1. Tell me which residues, restricted to region 50-74, are touching a helix residue (DSSP H, G or I) at 6+ places or on another chain (Cβ under 6 Å) and surrounded by fewer than 15 Cβ atoms within 10 Å (Cβ to Cβ).
2. Does GLU251 fit the bill of being touching a residue at least 24 places away in the same chain (Cβ under 8 Å) and either more than 15 Å from the ligand (Cβ to nearest atom) or of a type in the set (Lys, Arg) (or both)?
3. Filter region 140-172 for residues that are in contact with an Asp or Glu (Cβ under 6 Å, 6 or more places away or on another chain) and at pLDDT below 95 and give the result.
4. Residue pairs, Cβ under 7 Å, 6 or more apart or interchain, first in region 275-290 and within 16 Å of VAL34 (Cα to Cα), second in a helix (DSSP H, G or I). List them.
5. Among (1) touching a residue at least 12 places away in the same chain (Cβ under 8 Å); (2) aliphatic (A, V, I, L, M); (3) over 27 Å from GLY106 (Cβ atoms), where does ALA86 come up short?
6. Which of the numbered conditions does PRO60 fail, given that it passes all the others? Conditions: (1) at pLDDT 95 or above; (2) in contact with a strand residue (DSSP E or B) (Cβ under 9 Å, 6 or more places away or on another chain).
7. From the residues in region 191-213 that are away from the ligand (no atom under 13 Å from the Cβ), under 18 Å from the mean Cα position of the chain (by Cα) and not in a loop (DSSP other than H, G, I, E, B), which one is surrounded by the most Cβ atoms within 10 Å (Cβ to Cβ)?
8. Considering every residue within region 212-231, establish whether at least one is free of Cβ contacts under 8 Å to residues at least 60 places away in the same chain and among the aliphatic types (A, V, I, L, M).
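The values are calculated or read from the model by the stated rules, or taken from the named source; none is laboratory data. Just so it is clear, the structure is predicted and the values come from calculations on it, not from any experiment. Cβ placement follows ideal geometry from the backbone for every residue including glycine, while neighbour counts extend to all protein chains displayed.
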Amino acid sequence: MAQVVRKAVIPAAGLGTRFLPVTKAVPKEMLPVVDKPAIQYVVEEAVAAGIDDVLLVSSPYKKPVEDHFDRAFELERRLEDKGKHADAAGVRALAEIAQVASVRQGEPLGLGHAVSLARRHVGDEPFAVLLPDDIMVDGGELLRGMLAAYGETGRSVVALKEFPMSEISSYGCAAAEPHAGNLVRVTQLVEKPKPEDAPSNLAVMGRYVFAPAIFGDLAEVRPGHGGEIQLTDAMATLMAREGMFGYVFSEGRYDIGQKQDFLRATVELALEHPDLGPEFRQFLVDLAKRHLGL
Ligand code: G1P
């Protein structure tokens with residue numbers, strides 16, 4: 001029986017250049033999606049999957065991300081003084097949602113380097129990695145499925161999604177053989193291949209469950225695509241040595257680091273919001289009638 005996964009690592013040091021100008025002074029992880037910053041969805045997803053220890057790999061520009069999961073004593077006291085007890089409790093709850101710690105990536109040396117910085121915190125345990133650009137609107141189904149697959153196989157698991165070949169060069173790409181259900185056995189991994197070099201149309205999405213041996217591979221890996229230390233390259237070594245599974249899914253993923261997907265995520269999550277949803281739905285219906293003549 002494989003060890004239970006208790007820890008998650010969230011690399012949140014990226015500059016967010018796909019979302020300028022808003023990300024010039026605001027960390028992309030703090031962009032509001034309806035009424036919560038993007039990073040909160042990702043932490044809540046980890047918690048919903050049973051993980052209670054979260055390490056943020058942050059940077060000197062990402063202090064608000066760390067602060068969001070810390071106590072805000074003065075704000076809490078002022079809310080209490082005004083009798084806004086529910087608001088105060090909501091603010092406090094964010095500091096208690098999980099054991100959230102952070103480590104800083106001083107230099108942008110790549111995703112693999114960011115994950116390698118979690119080694120001391122994670123130790124000799126399996127762990128999940130959640131890339132905060134990807135928001136999952138799936139009630140935690142993907143991550144829970146991946147954790148279950150790790151539990152059953154004891155092998156690392158990576159989320160995979162089919163994409164048009166024309167888009168594959170934006171992602172890590174995996175070749176795979178069928179295994180069982182939506183689990184596939186990964187046979188090759190390449191970071192951001194040209195479409196003509198891509199071994200398949202299966203793209204690596206930002207959810208991973210790793211055996212701790214990945215840290216040894218990350219320590220060995222040399223700069224790859226874009227001159228950066230690539231997580232995908234260390235994964236290829238791990239896969240070759242001990243095997244790796246892919247968990248293929250199709251629904252619920254939004255790349256909120258990208259403007260168009262950010263808008264889609266905002267609309268879908270607003271529709272699902274218990275307080276805002278019903279009125280917003282009516283607004284969309286009226287809007288569609290006015291603009292599209294539907
Ligand atoms: C990273 C990974 C890539 C993966 C992608 C998923 O790329 O390096 O393998 O497919 O996340 O979003 P990035 O988007 O940071 O360039």
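1. Within region 50-74, PRO64, ASP70, ARG71 meet the criteria.
2. Spelling it out, GLU251 is indeed touching a residue at least 24 places away in the same chain (Cβ under 8 Å) and either more than 15 Å from the ligand (Cβ to nearest atom) or of a type in the set (Lys, Arg) (or both).
3. GLY140, the sole residue that qualifies.
4. The qualifying pairs are LEU276/ALA270; GLY277/ALA270; GLY277/LEU271; PHE280/ALA270; PHE280/LEU271; ARG281/LEU271.
5. With respect to (1) touching a residue at least 12 places away in the same chain (Cβ under 8 Å); (2) aliphatic (A, V, I, L, M); (3) over 27 Å from GLY106 (Cβ atoms), ALA86 is out only on (1).
6. In the conditions (1) at pLDDT 95 or above; (2) in contact with a strand residue (DSSP E or B) (Cβ under 9 Å, 6 or more places away or on another chain), PRO60 misses (1) alone.
7. Restricting to residues being away from the ligand (no atom under 13 Å from the Cβ), under 18 Å from the mean Cα position of the chain (by Cα) and not in a loop (DSSP other than H, G, I, E, B), the top hit is PHE210.
8. yes
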